[in-house]
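> One structure coming up, written as structure tokens, with questions to follow.
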Amino acid sequence: MKTSSKIIPFFLLIGVIACAVLRFFQYVSIMDYQTGFFTKNGEGAGILIYILMAVIAVIYTVLLIIGNKKGEAAYRVSTDGMGSHATQVLGAAEIVSAFLVAWGVITAGEAPVFRIISAGGIALILLITGFIQLRNIVPPTITGHLKILSAALIFPLIAELYENDLVMIRRSDKLIVILCYVFIGAFLASSARAFSRLETINSRMRELITAGMAFILCSTHTLPKLIAYAFGGASTAGMSAIDTVAAAGMILSGTFIGVLFFTEKKKEIVPVVYDEETDRKKEK
């Protein structure tokens, strides 16, 4: 039973902790909570968080490429060939994420109707797929099909952020949140192949890359706010609340990566070969 090197998940964990600490210090020193911008002399220091996230993302991708060439289990294991409790762990993560998203809907106040419908739909789908996986050793393919729908429901949330604040790209918190949404959607869409068992030769790399990007961004949004709630005191009194969709994305993507790198490979992926690929091979 082949397993994977644990270097990548440990590196990713250390990386997001570093991002969280840096972001926390930005919250307590250079963030203007009245405008959402960095303070007048803090723009240069504010850019550091984006540089750090980019560096971690690049190193993570390089490590993935190296691990893929070694043929480690995380890149080859099929979702119906993982360890006995892998599916239940994924299901539990989806249930926790469903309650987080639902809590965000309940406490949102006067939110736009389409945001309530979209976020509520995501919460309902995650709740359904979570309970399905808790009851099975192998993820039923329907859980993958439903993830496509949850990925589609992310886009109205992105549109709502734009409509709510057209200069959000200059607002540090909102910029990170929208990037979280983009990569959560990409992760849900790509991981749908794994759960549906419709993977191609290269699809697992896309799943791991989008999961990693989502985890880095969502952790950078969520973890420093948790630290600020615990230790920030009056200096973070005006800080915006944690976005529950981003918090759910952190749990979903982190659990997905953890399961793939810590599970045993009992069965390899059987890649789907499409007709046009077969035709190209015959022509060669």
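> Out of 105, 63, 48, whose Cα points farthest toward the positive end of the dipole of the chain (charges: +1 Lys, Arg; -1 Asp, Glu; placed on Cβ)?
Farthest along the dipole direction, towards plus: 63.
> May I pose another question? When only DSSP loop residues count, what trypsin sites (Lys or Arg not before Pro) in the stretch 99-185 have their Cβ near at most 16 other Cβ atoms within 10 Å? Spell out each step's value before the answer.
On the way: sites: 115, 135, 147, 170, 171, 174; in loops: 135, 171.
Loop-located and lightly packed - 135.
> Here is a follow-up. Of the candidates 182, 55, 272, which one comes out as most mobile in a Gaussian network treatment of the chain with C-alpha springs shorter than 10 Å?
Maximum among the listed residues: 272.
> What FRET efficiency do you get for residue 117 and residue 175 if R0 is 30 Å and r is their Cβ-Cβ distance, rounded to the nearest 0.05? Numbers along the way, then the final one.
On the way: r = 25 Å, r/R0 = 0.83.
Efficiency at R0 = 30 Å is approximately 0.75.
> Another one. What spacing in nm lies between the two simple spin-label points modelled at residue 17 and residue 96, each 7 Å away from Cα in the Cβ direction?
1.7
> How large is the charge dipole for the chain, taken about the Cα centre, if only the Cβ atoms of Lys, Arg (+1) and Asp, Glu (-1) carry charge, to the nearest 20 debye? Please report the intermediate quantities before stating the final value.
Working: 25 positive and 20 negative charges, 172 e Å.
That gives a dipole near 820 debye.
> Moving to a separate point now. Which of the listed residues, 216, 121, 246, is farthest toward the dipole's positive end in the stretch 110-264, when Lys, Arg count +1 and Asp, Glu count -1 at the beta-carbon?
216
> As a test question: what accessible area, to the nearest 10 Å², does residue 269 have when a 1.4 Å probe is rolled over all protein chains in place?
30
> As an exercise, take the mean of 1/r over every pair of distinct alpha carbons in the chain, invert it, and state the Kirkwood radius in angstroms. Walk me through the intermediate numbers first.
Numbers: mean 1/r = 0.0507 Å⁻¹.
When all Cα pairs of the chain are included, the Kirkwood radius is 19.7 Å.
> Right, next: Please give the FRET efficiency for residue 40 paired with residue 124, using the beta carbon to beta carbon distance and R0 = 41 Å, rounded to the nearest 0.05. Don't jump to the answer; show the numbers that get you there.
Working: r = 45 Å, r/R0 = 1.09.
That pair, residue 40 with residue 124, gives E of 0.35.
> By its C-alpha gyration tensor, with a ≥ b ≥ c as the square roots of the eigenvalues, how is the stretch 115-253 shaped: rounded for a/c under 1.5, else prolate for a/b larger than b/c, else oblate? Present the calculation step by step, with values, prior to reporting the outcome.
Working: a/c = 1.93, a/b = 1.78, b/c = 1.08.
Since a/c reaches 1.5 and a/b is larger than b/c, the shape of the stretch 115-253 is classed as prolate.
> Using modelled amide H (1.01 Å from N, peptide plane; none on Pro or chain starts), what sits under 5 Å from the amide H of residue 31, excluding residues fewer than 5 places away?
HN-HN under 5 Å from residue 31: 39.
> Roughly how many percent of the accessible protein surface of the stretch 1-150 is carbon and sulfur, given a 1.4 Å probe and a whole-percent answer? Don't jump to the answer; show the numbers that get you there.
On the way: 5480 of 7490 Å².
That fraction is 73 percent.
> Shifting gears a bit: Mind checking the stretch 1-90 for trypsin sites (Lys or Arg not before Pro) that DSSP puts in a loop (not H, G, I, E or B) and that have at most 13 other Cβ atoms within 10 Å? Could the numbers behind the result be given before it?
Working: sites: 2, 6, 23, 40, 69, 70, 76; in loops: 6, 40, 70.
Here the trypsin sites (Lys or Arg not before Pro) that fit, given the DSSP loop and packing criteria, are 6, 40, 70.
> Choose one answer from 237, 20, 102: the residue with the largest mean-square fluctuation in a GNM of the chain with alpha-carbon springs under 10 Å.
Its mean-square fluctuation being the largest, the pick is 237.
> Take every Cα pair under 8 Å in the chain that's 6+ residues apart, average their separations, divide by the length, and report that relative contact order as a whole percent.
Working: 418 pairs, mean separation 89.1, N = 284.
Value for the chain: 31 percent.
> Using the Karplus equation 6.51 cos²θ - 1.76 cosθ + 1.60 (θ = phi - 60°), what ³J(HN,Hα) coupling, rounded to whole Hz, does each residue of the stretch 73-83 give in order, writing x for Gly and Pro?
Whole-Hz 3J(HN,Hα) from phi for the stretch 73-83: 4, 4, 8, 10, 6, 7, 5, 9, x, 9, x.
> For the stretch 49-208, what is the charge dipole size about the Cα centre, in debye to the nearest 20, if Lys and Arg each add +1 at the Cβ and Asp and Glu each add -1 at the Cβ?
On the way: 13 positive and 10 negative charges, 98 e Å.
Computed about the Cα centre, the dipole is about 480 debye.
> Let me ask something additional. Calculate the spin-label point distance for residue 135 paired with residue 235, positioning each point 7 Å from the Cα along the beta-carbon direction, and give it in nanometres.
5.1
> Mean-square fluctuation check for the chain, GNM, Cα pairs under 10 Å: which of 152, 246, 214 is largest?
Its mean-square fluctuation being the largest, the pick is 152.
> Let me ask another. So for the pair residue 159, residue 5, with labels modelled 7 Å out along Cα→Cβ, what separation do we get in nm?
Inter-label distance under the simple model: 4.4 nm.
> Using the Karplus equation 6.51 cos²θ - 1.76 cosθ + 1.60 (θ = phi - 60°), what ³J(HN,Hα) coupling, rounded to whole Hz, does each residue of the stretch 194-200 give in order, writing x for Gly and Pro?
5, 6, 7, 6, 10, 7, 9
The values are calculated or read from the model by the stated rules, or taken from the named source; none is laboratory data. The structure displayed is predicted, hence computed values, not measured ones. Positions of Cβ are backbone-derived with ideal geometry, glycine not excepted, and every protein chain shown enters the neighbour counts. Accessible surface is based on the protein model in full, side chains and every heavy atom, while ligands, DNA and RNA are left aside. Shrake-Rupley method; radii C 1.70, N 1.55, O 1.52, S 1.80 Å.
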